[in-house]
Number of protein chains: 2
Amino acid sequence: MRNALIAQSGGPTSVINASLVGVINANKKTRYYDKIYGGVNGIEGLFEEKIIKLNNLSENELKTMKYSPASSLGSCRYKLKHFEEQGREYQKIFNLMDELEINTFFYIGGNDSMGTVSKLSEYAKTNDINKQIIGIPKTIDNDLMYTDHTPGYGSAAKYIATTVLETYFDSIVYKNNGVFILETMGRDTGWLAASAALAENSETVVDFIYLPEMKFSKEQFLLDVSSRLKRNNNVYIVVAEGLKDENGDFLYKMSSKQHDGFSHTQLGGVCNYLKRLIIKNNITSRVKTLELGVTQRCSMHCVSGIDMKEAYKAGKDAMKYSIQGDTGFMVGIRRIRNDPYTIETFKIEASKVANQIKYFPAEWINEQKNNVNDLAIEYISPLIRGFSNYKSEKGIPEYCSLID
Amino acid sequence: MRNALIAQSGGPTSVINASLVGVINANKKTRYYDKIYGGVNGIEGLFEEKIIKLNNLSENELKTMKYSPASSLGSCRYKLKHFEEQGREYQKIFNLMDELEINTFFYIGGNDSMGTVSKLSEYAKTNDINKQIIGIPKTIDNDLMYTDHTPGYGSAAKYIATTVLETYFDSIVYKNNGVFILETMGRDTGWLAASAALAENSETVVDFIYLPEMKFSKEQFLLDVSSRLKRNNNVYIVVAEGLKDENGDFLYKMSSKQHDGFSHTQLGGVCNYLKRLIIKNNITSRVKTLELGVTQRCSMHCVSGIDMKEAYKAGKDAMKYSIQGDTGFMVGIRRIRNDPYTIETFKIEASKVANQIKYFPAEWINEQKNNVNDLAIEYISPLIRGFSNYKSEKGIPEYCSLID
């Protein structure tokens, strides 16, 4: 008996289930694993042996799941400590794997989860345990090292660009429109905010994009806005939630009560902070804001066809690599060319990816440090192409979840 | 020479341009009017003679415009006073119409705009001016009297139901999820918030929907939330921005500085008010909020096919009725049956519609006053059906505007 286990971790994406179904469908062809188990709520659920069987899902159920947003197996935000510190947690997981004759654990997640992949495989090696731990990338943040981009990013970028375009048209209808500020996610990096540059109506519609990678100057911001408002009837601004001031401190922090499980500072509301700044400085009192929030990571109805395809391929290729016997790696994406857009996957050691951050490149930021340039657009543009046909009944999509 | 004028007013919708193109295309067939002019920024623009010609738009331009969100001709929020008070404004408009040999003025708008239609036609009658003023309904709020529903509502309802469904799946992934509160527009009425009831995963996913038509009791709300949270791992709540307390006062007001042109109180943020209420009362500290904001009225990428069709028909039939010679009316929609869903248009005096509000029916609210019932679902469901093919290039839609 040779079985496999799959679990999902971190913030969901629109295509995280496509990777899950990719693994399952690839095994249907190869029949390499006898049974595939799903771990509910990531490794946090494994400690409680929250396991379900994934073998009996019908073609139809798998298809609905592939096109369903958010982690069908549930998720967690749990940072595994090193096994010298917390060996019992490792024992629990490997005991469970033994018990269920699980040879391979596929973990779909971001950089914290790749830390888990790396630590579990290191523990296995150290203790001569012959089991494979394989990481499948997913994060809308696009901040994983070594991979050209991450599954989940393209769909978030498409949703952001589409919503920016639509709200731009909404924001110009009056005689005096003032300032519109849209806030994207992005605690450390500007990949999501940068995707707003793809919104175009003959030319890009966004006046300014501010990323966490730019040191934000309030004075320069107020100058940017006021000078543009003198020329135009409207100013459209996109900001990442994690904007930092000249000292590297977050421009806007919520109270410390509102930390998430990983104890990063949970952000939100920088758009309203900037609104108050503009009004206080008498630039204009007409300022509208929009915080996209979780819609960025679950808007399957606006998914990128390319992203969907690649997330599925990442799962499928994880299965392929598992048959080759390696462990402790993440499936990466390598871009071969843009025209026609072509990628391939490769294996990269999870330890290299773990807990690192891929920042938005300085050379893709304009000279004035208030927007991105054509290099950024060239990079992001292929990732948002194509549409995807989710099931729809009665005018709204038909989705499913294994934990509902 | 017999010409026509079209203008748009009030908050945009996703399908307001479909009505505009409906008028233009109907005239292409009948050639009843020699020229069609567009008034920029509604009647506010007419005072400044902001007029553009709409005759030379190509088939292709008209098609792109039909599928573009937000008022292509720009909009205004201008409340015309009675002509005994402000006769000069009326003279300006009718002088302009004389000058351009305009016989008919089509005004696309909500209840304030129907007030304008009513007053202008009354002025014309009183002064023996032989000109027609015709109203075409549009508002996502669905609060116009006499018409079964308004163009714009179906698309907003579809976007809300879709987003509720997607964020619901996102909101259940963790072991302890807490409360999710989504805020829709709806200052006076609950039509938009009620559409969240259409989000379903075998059954409706929303636990509670609170409308401005229900007198909101904080105590009952806290009881609702805490008792549901004892049974479930998550509570999903939808609220309209205009929730009122037992005294009929808005639950949450922004500072008086932030009034819009019509000097209604501009709302927003009731979801965060309720979040603070839940936390303060120690129900749970896990509360997420999402304010949909203007995305509700411009998300063409999630438009309802039925709504698009009906908005176009409202424009087309306005042209038909104008040939019959009537004035001072609005094009209404009458629902003939639900299965198969069938409607027809009819004429209703604009004076009856003007400045009135159609509230969400009390008999469509559940006994506990914390949700809507099946009658509401039956009414809304047909309006969100069908999809619509906007043009798309490079993965995002291609839109246009006449004022950009």
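No lab work stands behind these numbers, since they all come straight from the coordinates. Quantities reported herein were computed from a predicted structural model and do not represent experimental measurements. Reconstructed Cβ throughout: ideal geometry from the backbone, glycine too, with neighbour counts over all protein chains shown.
Overview of results
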quantity: Scan of region A:47-69 for residues that are more than 26 Å from the chain's Cα centre (by Cα) and polar (S, T, N, Q), ordered by number; calculated: A:55, A:56, A:58, A:60
quantity: Filtered residue count, region A:224-256, keeping only those that are free of Cβ contacts under 8 Å to residues at least 40 places away in the same chain and touching a Ser or Thr at 6+ places or on another chain (Cβ under 9 Å); calculated: 6
quantity: Selection from region A:379-399 of residues that are more than 7 Å from chain B (Cβ to nearest Cβ), touching a Phe, Trp or Tyr at 6+ places or on another chain (Cβ under 9 Å) and in contact (Cβ under 8 Å) with a residue 12 or more places away in the chain; calculated: A:379, A:380, A:382, A:383, A:388, A:389, A:390, A:391, A:398
quantity: Residue that is nearest to the chain's Cα centre (by Cα), among those in region B:3-31 that are of a type in the set (A, V, I, L, M) and in a helix (DSSP H, G or I); calculated: B:16
quantity: Matching residues in region B:353-378 - criterion: being over 19 Å from residue B:188 (Cα atoms) and in contact with a helix residue (DSSP H, G or I) (Cβ under 7 Å, 6 or more places away or on another chain); calculated: B:373, B:375, B:377
quantity: Boolean, residue B:124 is touching a helix residue (DSSP H, G or I) at 6+ places or on another chain (Cβ under 8 Å), surrounded by fewer than 24 Cβ atoms within 10 Å (Cβ to Cβ) and among the small types (Gly, Ala, Ser); calculated: yes
quantity: Which listed residue, of A:289, A:295, is among the hydroxyl-bearing types (Ser, Thr, Tyr), touching a residue at least 24 places away in the same chain (Cβ under 8 Å), out of contact with any strand residue (DSSP E or B) (no Cβ under 6 Å at 6 or more places or on another chain) and on the phi < 0 side of the Ramachandran plot; calculated: A:295
quantity: Identity of the residue in region B:47-69, in a helix (DSSP H, G or I) and surrounded by fewer than 23 Cβ atoms within 10 Å (Cβ to Cβ), that ends up farthest from the other protein chains (Cβ to nearest Cβ); calculated: B:59
quantity: Extreme residue, nearest to the other protein chains (Cβ to nearest Cβ), among residues of region B:74-113 that are under 22 Å from residue B:54 (Cβ atoms) and among the hydroxyl-bearing types (Ser, Thr, Tyr); calculated: B:75
quantity: Residue A:129 in a loop (DSSP other than H, G, I, E, B) and more than 26 Å from residue A:361 (Cα to Cα); calculated: yes
quantity: Count of region A:183-203 residues which are touching a helix residue (DSSP H, G or I) at 6+ places or on another chain (Cβ under 8 Å) and surrounded by fewer than 21 Cβ atoms within 10 Å (Cβ to Cβ); calculated: 2
quantity: Positions within region A:98-137 being among the aliphatic types (A, V, I, L, M) and under 19 Å from residue A:78 (Cα atoms), in sequence order; calculated: A:108, A:114, A:117, A:120, A:133, A:134, A:136
quantity: Complete set of residues in region A:70-126 that are part of a helix (DSSP H, G or I), under 24 Å from the mean Cα position of the chain (by Cα) and among the aliphatic types (A, V, I, L, M); calculated: A:114, A:117, A:120
